[in-house]
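Note sheet for the following structure.
The values are calculated or read from the model by the stated rules, or taken from the named source; none is laboratory data. Please read these numbers as outputs of a predicted model, since none were measured by experiment. Using ideal geometry, Cβ is built from the backbone for each residue, glycine included, and neighbour counts are taken over all protein chains shown. In case anyone asks, the SASA skips ligands and DNA or RNA and just uses the protein heavy atoms, side chains included. Shrake-Rupley method; radii C 1.70, N 1.55, O 1.52, S 1.80 Å.
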Amino acid sequence: MFDSGIGGTSIWRAIHELMPNENTIYLADSKNAPYGQKTKEEIIALCEKNTELLLEMNCKMIVVACNTATTNAINELRAKYNVPFIGIEPAIKPAANNSKTQTIGILATKGTLNSALFSDVVNSYTNTKIIEQIGYGLVELIEDGEIDSPKMNHLLEEYLQPMVNANIDYLVLGCSHYPYLIPQIKKLIPASIQIIDSGEAVARQTKKVLLEKVGFNSDTNCKQLFLTNGNPIVLDAVLGGKYSVNKIDF
């Protein structure tokens, strides 16, 4: 699986918990983070670069553990490469279907919110007011290891308070980096607001497609490999120092 940095480890955790016997490779393209500020063409090129590196390592399935990459490049990847792809997109459906106030908030990158795929999803929920907020600066702070910094809290308060004032009852986290901000977010919004991310849903879909198209790994002696072109200390920190993290240039 790959992401524009360390955020997709939130997806990796959900997949590894559901399928602990699978060998996994996690590719953190931190050098090019965030993808959300790039053009569609730039995002597609980065996704193809990441995909080809993973295919060289004999991956049987690729999880695009990045909302921006999925919403901008998943169709191109599926058309070009002969391997199953699993994408991740903001979990608007469960939020919209369960909202009592018919008002939900979504915090995501510019690349996700401006994508055609996201627009199509939003337009299908005409009875729900969807308040969109671009999380400027959040990914960069997470990549710099400043999850608990005063600057992070200031940005979150700036982004979330208008949603609270608008009476949202669901907050959708539309970036795989953002689940690492849930403890801070909970301090800034009422407990009645439900926070939704896509991790568990992506893990279930990965398991389903893996069983249908490829099959499970029967060897319990499995390996988890983490690769980054950024600061390995930051990736190691979010993994709790439990796994080997290797820096490579790609």
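Values for this structure:
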read-out: Filter result (of a type in the set (Asp, Glu) and either under 21 Å from residue 30 (Cβ atoms) or loosely packed, with under 15 Cβ neighbours inside 10 Å (or both)) within the stretch 77-100; value: none
read-out: Which listed residue is surrounded by fewer than 24 Cβ atoms within 10 Å (Cβ to Cβ) and touching an Asp or Glu at 6+ places or on another chain (Cβ under 7 Å), from 46, 53; value: 46
read-out: Scope the stretch 49-90; condition touching a helix residue (DSSP H, G or I) at 6+ places or on another chain (Cβ under 7 Å), within 26 Å of residue 179 (Cα to Cα) and not aliphatic (A, V, I, L, M); matching residues; value: 51, 66, 67, 68, 71, 72, 84, 85, 87, 89, 90
read-out: Given (1) closer than 26 Å to residue 156 by Cβ; (2) out of contact with any Asp or Glu (no Cβ under 7 Å at 6 or more places or on another chain); (3) surrounded by 14 or more Cβ atoms within 10 Å (Cβ to Cβ), number of the condition residue 230 does not satisfy; value: (2)
read-out: Tabulated pairs, the stretch 226-250, first closer than 23 Å to residue 148 by Cα and without any contact (Cβ under 8 Å) to a residue 12 or more places away in the chain, second surrounded by 13 or more Cβ atoms within 10 Å (Cβ to Cβ) and not polar (S, T, N, Q), C-beta under 6 angstrom, 6+ apart or interchain; value: 236/245
read-out: Residue, farthest from the chain's Cα centre (by Cα), within the stretch 18-59, restricted to residues that are of a type in the set (A, V, I, L, M, F, W, C) and assigned to a loop (DSSP other than H, G, I, E, B); value: 57
read-out: Selection count, the stretch 189-216, where residues are loosely packed, with under 15 Cβ neighbours inside 10 Å and within 27 Å of residue 152 (Cβ to Cβ); value: 3
read-out: Criterion violated by residue 103 - all others in (1) touching a residue at least 60 places away in the same chain (Cβ under 8 Å); (2) open to solvent by 30 Å² or more (accessible area, probe 1.4 Å) satisfied; value: (2)
read-out: Yes/no for residue 174 being surrounded by fewer than 17 Cβ atoms within 10 Å (Cβ to Cβ) and either on the phi > 0 side of the Ramachandran plot or touching a residue at least 40 places away in the same chain (Cβ under 8 Å) (or both); value: no
read-out: Complete set of residues in the stretch 121-151 that are of a type outside the set (A, V, I, L, M, F, W, C) and within 19 Å of the chain's Cα centre (by Cα); value: 132, 133, 135, 136, 137, 140, 143, 144, 145, 146
